[in-house]
Amino acid sequence: MARTRPLKILLLGKNGQIGWELQRSLAPLGAVTALDRFGQDGLCGDISNMDGLRHTIDTVKPDILVNAAAYTAVDKAEDEPELAIRLNTEAPVVMAKAMQALGGCLVHYSTDYVFDGSGTTPWKEADEVRPLSVYGASKMAAEFAIQETGCHHLIFRTSWVYASRGNNFAKTMLRLAKERDTLNVINDQIGAPTGADLIADVTAHALRQWQQKPQTAGLYHLAASGETSWHQYASFVIHWAQKAGIPLAVESVNTIPSEDYPVPAERPKNSRLDCRLMESTFGLQLPKWQQGVERMLQEITNKEVL
Ligand code: NDP
């Protein structure tokens, strides 16, 4: 039977890119208890503390647990796999088991890094996963483990997340473009920059639908539409800044292959996500990536003026 009463929601990782936006988007759905790693009111928000985590969930007894907390330092994860696995795999399993016992729903975020990046076709949900990095493997293991517990879940695989708050690729490009006359940017990794605000809004919408139709639970791809390379993304940002009259030193933005920018964790070259299942299940149309990036640029450059 459809349930429409206000929900009791527990949000973990409230100050991350997505967590911050979820505080806003989840608010109209019900009573939200939002925690960061430091917790509050005797509730533990540190997802490395499994007993504390169980105690928090048992105390709040949420209808929905939204997990926006994670180990997201992709390169560092190569050096500390235990911690990455603890936060990205073991903690979500604790959450899933606790939510299974409560009969509630776990919302969890995963990544394009579960794929090996081969080919040029956008990845579908059921495609074979083969992560190239510790981070990707830790996220993949959580997807499998959450599904195995049998709890209601919404797992959203997303990509190239940015937010106005905190650091992001566009801000770095703008800063470098003010300091240097030449930039070298990778052009052989293709994906879609996706705003944390979009992810948070879609999450709230999907949860409303899930309340009415629990059969919508599952794993979905969620990214802005269209595709770009990091080089095209950087060029878009710089072109926008030039049109906005922001003084820049940069004269050329060169393309380089991934091999010329070595990092500890290998990234997938093909990060395209096919989001048609998400769009058809939830009656949504995901906007073009440029739309959200322009909005973010407007926000961050307005802040600079102030
Ligand atoms: P952020 O790094 O912005 O946020 C992660 C949050 O997790 C931070 O607030 C961090 O807190 C918190 N956190 C870290 N360790 C702990 C801990 N031990 N206990 C409690 N909280 C902790 O990440 P995003 O918002 O970008 O990512 C959210 C989700 O989306 C993650 O699951 C990520 O894997 C996924 N994702 C992200 C992508 C991206 O490009 N960023 C791409 C694809 C998927 P603190 O600030 O205190 O460190």
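The values are calculated or read from the model by the stated rules, or taken from the named source; none is laboratory data. Bear in mind the structure is a predicted one, so any value in this text is a computation, not a measurement. Note that each Cβ is placed from the backbone with ideal geometry, even for glycine, and that neighbours are counted across all protein chains shown. Only protein heavy atoms, including side chains, enter the accessible area calculation; ligands, DNA and RNA are left aside. Shrake-Rupley method; radii C 1.70, N 1.55, O 1.52, S 1.80 Å.
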- Only Lys, Arg (+1) and Asp, Glu (-1) charged, at Cβ; the range 16-68 dipole about Cα centre in debye: 80 debye
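Quick check on packing: order 253-263, 37-47 by the mean number of other C-beta atoms within 10 Å, highest mean leading. All intermediate terms of the calculation are to be shown ahead of the outcome.
Values: 253-263: 12.5, 37-47: 15.5.
Taking the mean over residues of other Cβ atoms within 10 Å, the ranking is 37-47, 253-263.
Quick one: putting +1 on the C-beta of Lys and Arg, -1 on the C-beta of Asp and Glu, what dipole do you get for the range 1-144 around its Cα centre, in Debye to the nearest 20?
740 debye
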- Query: Using Cα pairs under 8 angstrom and six or more residues apart, how large is the relative contact order of the chain, in percent?
  - Reply: 21 percent
- Which Cα, out of 231, 216, 241, lies furthest along the positive dipole direction of the range 206-289 (beta carbon charges, K/R +1, D/E -1)? 216
- Message: Of the candidates 73, 223, 96, which one comes out as most mobile in a Gaussian network treatment of the chain with C-alpha springs shorter than 10 Å?
- Response: 73
- Mean 1/r over distinct Cα pairs of the chain, inverted to a Kirkwood Rh in Å, yields 20.0 Å
- Message: Out of the total accessible area of the range 1-128 (probe 1.4 Å, heavy atoms of protein only), what percent is carbon and sulfur?
- Response: 51 percent
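For the chain, what is the calculated [θ] at 222 nm in deg cm²/dmol (nearest 500), taking -39500 (n - 2.57) for each run of four or more DSSP H residues and dividing by its residue count? Numbers along the way, then the final one.
Values: 10 runs with 120 residues, N = 306.
So the helix-based figure for the chain works out to -12000 deg cm²/dmol.
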- Assign unit charges at the C-beta atoms only (+1 for Lys and Arg, -1 for Asp and Glu), then state the dipole size of the chain relative to its Cα centre in Debye, rounded to the nearest 20. 1100 debye
- For the chain, built as a Gaussian network whose Cα springs stay under 10 Å, the top-fluctuating residue of 215, 147, 291: 215
- Query: How many Å² of accessible area per residue for the range 42-165, probe 1.4 Å?
  - Reply: 39 Å²
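Keeping all protein chains in place and using 1.4 angstrom, which order do 65, 87, 132 fall into by accessible surface area, from largest down?
132, 87, 65
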- Message: Straight-line reach from residue 178: which lysines fall under 20 Å, measuring Cα to Cα and dropping same-chain residues less than 8 apart?
- Response: 243, 303
- Message: For the range 158-242, what does the relative contact order come out to in percent, with C-alpha contacts under 8 Å and a separation of six or more?
- Response: 45 percent
